[in-house]
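The values are calculated or read from the model by the stated rules, or taken from the named source; none is laboratory data. This structure is a prediction, so every number in the text was calculated from the model and none was measured. Because the Cβ atoms are built from the backbone with ideal geometry, glycine has one as well, and the counts that use them run over all protein chains shown. What goes into the accessible areas is simple: the full protein's heavy atoms, side chains included, and nothing from ligands, DNA or RNA. Shrake-Rupley method; radii C 1.70, N 1.55, O 1.52, S 1.80 Å.
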Amino acid sequence: ILKVAGVKTVARGVEKLPPGTFVLAVNHQSHFDALVLFRHIRRHMRFVAKRELTKIPVFGQAMRKAGNIVVDRSGSDHDKKLLHEAIDAVRTRVSICFFAEGTRSEDGSLKPFKKGAAVFAIDAQVPLVPAALAGTHEILPKGTLQVRARPAALVIGDPIDTTGMTHDDRDALTQRAHAAVAQQLQEANALLPLAE
């Protein structure tokens, strides 16, 4: 899809990913974000996604079949149960990606993070990995259907160890991840001219 759309990409920091499983906390600019992540991160990874996406023909069914975690984003007991069941999978066999802002950015700028990625990483006791995507907002801005051939960049930061952390640490961990992604977003924007 990226090739057909004329999207060239560049990535830095992929070698920083832990050897085991992890929680990836990344900003969210476009429906093209997941494609760029999958191009550069060759790991067994699934996403936490909002239920509305399952209504998209073909894509919604594929997303469910691939084993992604679909939530209502309401904080319901059902959502909590789904996430709790996924914790064991993350501890043992699959990494998980949170678009930490909770929704796509209207203008491509970084918004505050929800606490979900931090809580999940703490509960699973796996590293929280901050990452930033740049350029994807220009490829397919929120609210449009026209795909534009623009470059995209991914920067992955240093993993944050969550060993021994509890829910009391979730706010500080969320803020730490946000600060790291903000810095990486600047780096990713600077990389855009190098996309191949």
* To do: Please verify whether the stretch 171-187 includes one or more residues that are surrounded by 13 or more Cβ atoms within 10 Å (Cβ to Cβ), touching a helix residue (DSSP H, G or I) at 6+ places or on another chain (Cβ under 8 Å) and within 19 Å of residue 5 (Cβ to Cβ).
  => no
* Asked: Tally time: how many residues in the stretch 149-170 are over 16 Å from residue 117 (Cβ atoms), open to solvent by 50 Å² or more (accessible area, probe 1.4 Å) and not in a loop (DSSP other than H, G, I, E, B)?
  -> 1
* **Extreme residue, modelled with the lowest pLDDT, among residues of the stretch 149-168 that are of a type in the set (A, V, I, L, M) and farther than 12 Å from residue 17 by Cβ** => 149
* Asked: When the stretch 122-148 is examined, which residues are found to be open to solvent by 20 Å² or more (accessible area, probe 1.4 Å) and either at positive phi or aromatic (Phe, Trp, Tyr) (or both)?
  -> 125, 143
* Asked: Looking at (1) of a type in the set (Lys, Arg); (2) farther than 30 Å from residue 7 by Cα; (3) open to solvent by less than 60 Å² (accessible area, probe 1.4 Å), which is the one condition that is false for residue 115?
  -> (3)
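Within the stretch 107-118, take every residue that is closer than 18 Å to residue 188 by Cα and among the charged types (D, E, K, R) and give me the one that is modelled with the highest pLDDT.
Quick first cut of the stretch 107-118, residues closer than 18 Å to residue 188 by Cα only: 107-111.
In the following step, the residues that additionally are among the charged types (D, E, K, R) were identified as 107, 111.
On the way: 107: 80, 111: 93.
Here the answer is 111.
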* To do: Output the residues belonging to the stretch 82-112 that are within 14 Å of the chain's Cα centre (by Cα), of a type in the set (D, E, K, R) and over 15 Å from residue 23 (Cα atoms).
  => 104, 111
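Which members of the stretch 130-171 meet the condition of being of a type in the set (Val, Ile, Thr) and touching a residue at least 60 places away in the same chain (Cβ under 8 Å)? Quick ask: steps written out before the conclusion?
Applying the first criterion (of a type in the set (Val, Ile, Thr)) to the stretch 130-171 yields 136, 139, 144, 147, 155-156, 160, 162-163, 166.
Selection gives 136, 139, 147, 155, 156.
Can you name the residue in the stretch 1-36 that is among the hydroxyl-bearing types (Ser, Thr, Tyr) and closer than 24 Å to residue 111 by Cα and is also surrounded by the most Cβ atoms within 10 Å (Cβ to Cβ) among such residues?
Just the residues of the stretch 1-36 that are among the hydroxyl-bearing types (Ser, Thr, Tyr), to begin with: 9, 21, 30.
With closer than 24 Å to residue 111 by Cα added as a condition, the list becomes 9, 30.
Values: 9: 22, 30: 24.
Residue satisfying both the conditions and the ranking: 30.
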* Structure fact -> Only unsatisfied item for residue 191, checking (1) part of a helix (DSSP H, G or I); (2) open to solvent by 20 Å² or more (accessible area, probe 1.4 Å); (3) closer than 24 Å to residue 11 by Cβ; (4) touching a residue at least 40 places away in the same chain (Cβ under 8 Å), is (2)
